[in-house]
Each structure stands twice: as structure tokens, then as C-alpha cells.
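Have a look at the structure below before the remarks.
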Ligand code: GDP
Ligand code: MG
């Protein structure tokens with residue numbers, strides 16, 4: 001997600017944050033590079049121009065801040081502009097306890113798939129509040145024979161209800177679905193609609209009629225993140241004819257260059273609600289401009305990482321390691337827990353995407369794969385340690401290291417490497433304690 005823009009901009013950012021002096025010529029040169037990065041990401045020239053122009057105005061008009069270095073100041077201006085372009089500090093979507101949601105968009109945009117993701121999102125959030133909402137999905141897409149079956153299948157897999165209207169007349173079918181929803185008292189209704197390969201008049205008229213009949217609480221426009229400027233122009237037509245409240249941009253896991261996500265809110269004056277990053281129903285990310293700007297500028301997305309961590313990692317282990325970090329005392333047992341938590345999060349290669357580029361630099365892929373191999377060895381070594389050793393009660397002599405290596409089926413150098421890493425982690429723990437970094441992880 002945003003890898004494309006991010007790769008270009010984050011290297012500029014790390015140069016800038018190091019810069020001691022910043023002349024007008026520097027700023028201009030830098031803005032030129034930002035411009036070409038955005039153009040390559042399929043952001044339209046108009047948008048790119050107004051983006052860089054607003055940065056230029058602010059950068060050149062700004063008084064020197066005595067706290068931030070000039071380069072850092074410029075990075076901050078850019079960061080704030082990206083946030084503003086992406087819709088400002090918008091809060092994540094909160095669905096009401098009952099809603100009727102209409103999905104519109106071109107064919108293949110991901111409407112049907114997205115219903116399953118939204119249903120999952122609503123259920124997950126309701127569970128936190130101890131509720132178990134009833135969700136119904138229905139489709140008035142009669143253009144493709146498989147459209148009904150696709151939604152029915154998703155409903156079965158994801159445990160929400162599906163209703164197949166008997167009428168093939170779209171408006172009669174909407175009435176039928178609404179009657180069923182009322183009769184069965186569903187909290188949520190998702191209505192899926194047909195798309196077209198291209199925007200056409202008939203589709204717009206049909207959608208307007210559907211909307212008038214359904215009176216949805218929310219109309220969501222779904223758009224394929226790979227479509228770039230074409231997607232935006234389709235969005236404009238949908239907005240002007242059917243009107244929608246917010247958008248979901250899909251396929252951000254593919255080689256989408258991010259242009260549409262960058263410009264949508266600015267161009268359409270509608271919020272982006274979520275980004276979809278895959279075909280699984282869990283792969284729906286609330287769109288948070290602040291975090292997106294962090295990612296784009298290579299400042300990492302620690303908050304998203306922390307959220308994923310909370311969902312995937314056993315809470316008890318997480319708390320243990322957090323406490324160890326807070327104390328600044330960190331044992332081999334804590335270290336082994338930390339490694340196994342990382343394991344639960346997924347591969348290092350995936351994890352690195354969330355970390356600030358200033359922290360990781362540009363780590364080559366083979367280094368990461370090496371890291372994954374090390375992880376396996378480390379696990380074997382941990383299993384050869386005694387409880388006293390894990391808790392730091394017994395010191396580990398070099399003779400003992402040989403025994404451990406033999407027991408784990410690794411070399412003595414591997415054992416040495418683990419201890420080296422462990423010492424580094426201990427140093428970090430001390431650092432974290434003094435810096436209070438753990439606050440970010442709660
Ligand atoms: P619809 O015509 O708008 O209902 O689109 P569908 O929901 O049928 O999706 C079209 C295709 O895109 C399907 O093959 C989906 O599996 C795929 N798809 C939808 N969302 C995503 C996504 O976020 N990432 C990826 N990689 N594929 C997606
Ligand atoms: Mg569909």
C-alpha cells in the first residue's frame with residue numbers, strides 16, 4: 001500500500017531531516033522530485049500542482065522555527081499537507097446500530113467482496129461492545145448469472161444472512177428485499193448493485209431509482225485502486241448522479257500506485273472510509289489520513305502495527321514483554337516471547353513495511369529472508385535453555401554455549417549471535433524505559 005509513492009518520498013525525507021541548511025533552491029529541487037513521484041503514481045497534474053504549490057507557499061512564507069531543523073520543518077509541512085489532501089483528521093467510520101447500506105461502483109470494482117469485509121468489520125466492532133448484530137445482504141445485480149451465487153457464498157463463509165429476491169425487476173426486487181428485512185428485523189442491510197464496465201446513462205438512472213426506493217442510511221462508492229485517474233472520473237459521475245457519502249478503495253495490495261487514494265478526498269470532496277488490501281474479509285483498513293501520511297513519508301505506521309499486534313498476539317505475552325520493557329530489565333525469556341510474538345505477526349518482510357524507513361533504512365530482501373532463517377534457529381536454541389537460564393538466574397558460560405548449540409542442532413556461532421541480539425534488545429529496553437516509547441503501543 002502506497003509502496004510506490006513511499007519509496008520515492010521516504011528517501012527524500014531522510015535526506016531532508018539530515019539537512020542543516022535549506023535554501024530556496026533546495027526547496028525547489030525537492031518539490032520537483034515530489035512532483036515527479038506523484039505524477040508517476042498516477043496523480044493528475046492539476047492535483048500535483050496544487051499540492052506542491054500549497055507547500056511552496058507555506059515553506060517560503062514560514063518563519064524559522066527554533067526547535068525544528070529546516071529540513072524537518074519542511075517534512076512537517078509536507079506531512080500536514082498530505083493529511084489535509086487526504087481528508088484531514090477524519091475519524092474512523094462508526095456505523096450506527098442499524099443501517100441500510102447501498103454499494104455502488106463499476107463492474108469488478110470489488111462491491112460484492114467488500115460487503116463481506118464490511119459485515120466482518122461491523123461484527124467485530126459490535127462484539128467489543130458485547131452486541132451481536134444481525135446482518136442481511138441482498139443483491140439486485142441481475143446482469144451476471146453468478147452475481148447472486150457469489151454473494152450467497154460469501155454470506156455462508158462469513159456467517160451473515162443472504163436473501164435472493166424472486167422478482168427480476170430491479171425496483172420490485174428492492175421492495176421485496178426491504179420487506180424481508182423489516183419482517184425479519186435485521187439490524188443491517190447491505191444492498192449490492194450491478195456495475196458496468198463503463199459509466200452509462202442507464203446504470204445511473206437505475207441506481208438513482210434504487211436509491212429513491214431504498215432510502216439508504218449510507219451510500220458507499222467502491223473503486224478499484226488500480227484504475228487511477230479513470231477511477232476518479234467514474235467517481236465524479238457517480239457523485240453527481242447518484243451521490244454517495246464515502247468511498248472504499250480496493251486492491252491496494254496489488255500494484256496500485258496509490259494515486260487514487262492520494263487524491264480521492266481532495267478531488268471528490270468525499271471521505272475515503274476504508275482501503276481494501278486483499279480478498280479475505282479481514283483485509284479492510286480504516287482510512288486514517290494521519291497514518292497514511294506517515295506511511296507515505298516512510299515514517300512508519302506504528303499504530304497500525306500495534307493494532308494488528310493486539311489482534312494477533314496473545315495478550316498475556318504482550319503484557320509481559322511490555323512490562324519488561326518498561327522496567328528496562330529484559331530477560332532471555334522476555335526475548336524469546338518477543339521473538340515468538342513477531343512470528344505470530346507474520347514474516348519480517350511484511351512487518352518491515354510498517355516500520356519507519358529511517359529506522360530500517362533500505363533493508364534488502366535477502367537480509368530479511370536471512371532474518372527469517374535466524375528466527376528458526378533462535379527458536380531451537382531457546383528450547384535448549386533451562387528455566388534458570390531463561391530467567392537470567394544462571395549465567396551461561398562458553399562451555400554451556402557449546403552444549404546448547406549441540407542440543408539445538410546449530411553452530412556455536414549461531415548461539416553467539418543470539419546472545420548478541422539479546423544484548424542489543426536489552427539496550428533497547430533501557431532506551432525505551434528512558435524515552436517512554438511504550439506509550440505508543442497501548
Ligand atoms: P464487483 O463487480 O464490484 O462486485 O466486484 P467483485 O467483488 O466481484 O470483485 C472483482 C474481483 O476483484 C474479484 O475477483 C475479487 O476477488 C477481487 N477483489 C476485490 N477486492 C479486492 C482486493 O482488495 N484485493 C484484491 N487483490 N482483489 C480484490
Ligand atoms: Mg458484484
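Just so you know, all these numbers are worked out from the coordinates, no wet-lab data involved. Being a predicted model, the structure only gives us computed values, none of them experimental. Because the Cβ atoms are built from the backbone with ideal geometry, glycine has one as well, and the counts that use them run over all protein chains shown.
Nearest 500 deg cm²/dmol is fine: what mean residue ellipticity at 222 nm does the chain get from its DSSP H runs of n ≥ 4 alone, each adding -39,500 (n - 2.57), divided by its residue count? Kindly include the intermediate steps, with their values, before the conclusion.
Values: 20 runs with 261 residues, N = 442.
Rounded to the nearest 500, the figure is -18500 deg cm²/dmol.
In the chain, what percentage of the DSSP-assigned beta bridges are antiparallel, given to the nearest 5? Spell out each step's value before the answer.
Values: 3 of 29 bridges.
Here the share of antiparallel DSSP bridges comes out near 10 percent.
Hey, rough spin-label estimate for residue 197 and residue 391, points 7 angstrom out along Cα→Cβ, what's it come to in nanometres?
7.0 nm
Can you tell which of 419, 264, 51 shows the greatest fluctuation in a Gaussian network model of the chain with Cα springs below 10 Å?
Result for the chain, Cα springs under 10 Å: 419 fluctuates most.
Among 5-11, 234-240, what's the highest-first ranking by average C-beta atoms within 10 angstrom per residue?
On the way: 5-11: 20.3, 234-240: 17.6.
Ranked from most to least packed, the peptides come out as 5-11, 234-240.
Over the Cα atoms of the range 1-152, what radius of gyration and what Dmax do you get, in Å?
Calculated on Cα positions, Rg and Dmax stand at 22.3, 65 Å.
Just to be sure I understand: with springs between alpha-carbon atoms less than 10 Å apart, which residue in 207, 418, 16 has the highest mean-square fluctuation in the Gaussian network model of the chain?
Looking only at 207, 418, 16, the biggest GNM fluctuation is shown by 418.
Normalized C-alpha radius of gyration of the range 163-282, against 2.2 N^0.38 Å?
Values: Rg = 15.5 Å, N = 120, 2.2 N^0.38 = 13.6 Å.
So the Cα radius of gyration is 1.14 times the expected 2.2 N^0.38 Å.
How much length is gained if the chain between residue 182 and residue 46 is pulled fully straight, taking 0.36 nm per residue apart and subtracting their Cα-Cα distance, in nm to one decimal?
Working: separation 136, 0.36 × 136 = 48.96 nm, distance 4.70 nm.
Result: 44.3 nm gained on full extension.
Angle, helix 201-214 long axis vs. longest principal axis of the chain, Cα atoms, 0 to 90°, nearest 10?
It works out to around 90 degrees.
What FRET efficiency comes out for the pair residue 269/residue 428, r = Cβ-Cβ distance, R0 = 60 Å, nearest 0.05? Can you show the working numbers first?
Working: r = 44 Å, r/R0 = 0.74.
Taking R0 as 60 Å, the efficiency between residue 269 and residue 428 is 0.85.
Using only Cα atoms, find the angle between the long axis of helix 332-345 and the longest principal axis of the chain, and express it within 0 to 90 degrees, rounded to the nearest 10.
The helix 332-345 is inclined about 20 degrees to the chain.
What number in nm² do you get for the chain if you take the convex hull of its Cα atoms and divide its surface by four?
On the way: hull surface 100.7 nm².
Approximately 25.2 nm², given one-decimal rounding.
Can you work out the FRET efficiency for the pair residue 80 and residue 327, with r the C-beta to C-beta distance and R0 = 25 Å, to the nearest 0.05?
On the way: r = 37 Å, r/R0 = 1.46.
The value I calculate is 0.10.
If each residue of separation counts as 0.36 nm, what is the full-extension length gain between residue 168 and residue 319 once their alpha-carbon separation is subtracted? Display every interim value, and only then the final one.
Values: separation 151, 0.36 × 151 = 54.36 nm, distance 5.53 nm.
Extending this stretch completely gives an extra 48.8 nm.
Using a Gaussian network model on the chain with a 10 Å cutoff between Cα atoms, which of 33, 421, 291 fluctuates the most?
Of 33, 421, 291, the most mobile in the Gaussian network model is 421.
Report the full-extension gain for the segment residue 218 to residue 107: residue separation times 0.36 nm, less the Cα-Cα distance, to one decimal in nm. Show your work: numbers first, answer last.
Values: separation 111, 0.36 × 111 = 39.96 nm, distance 1.99 nm.
Going from the current span to full extension adds 38.0 nm.
Once the Cα atoms of helix 398-408 and of the chain are each reduced to a long axis, what angle between those two axes, in degrees from 0 to 90 to the nearest 10, is obtained?
That helix lies at roughly 40 degrees to the long axis.
Using alpha-carbon pairs under 8 Å, 6+ residues apart, how would you state the relative contact order of the chain in percent?
The value is 17 percent.
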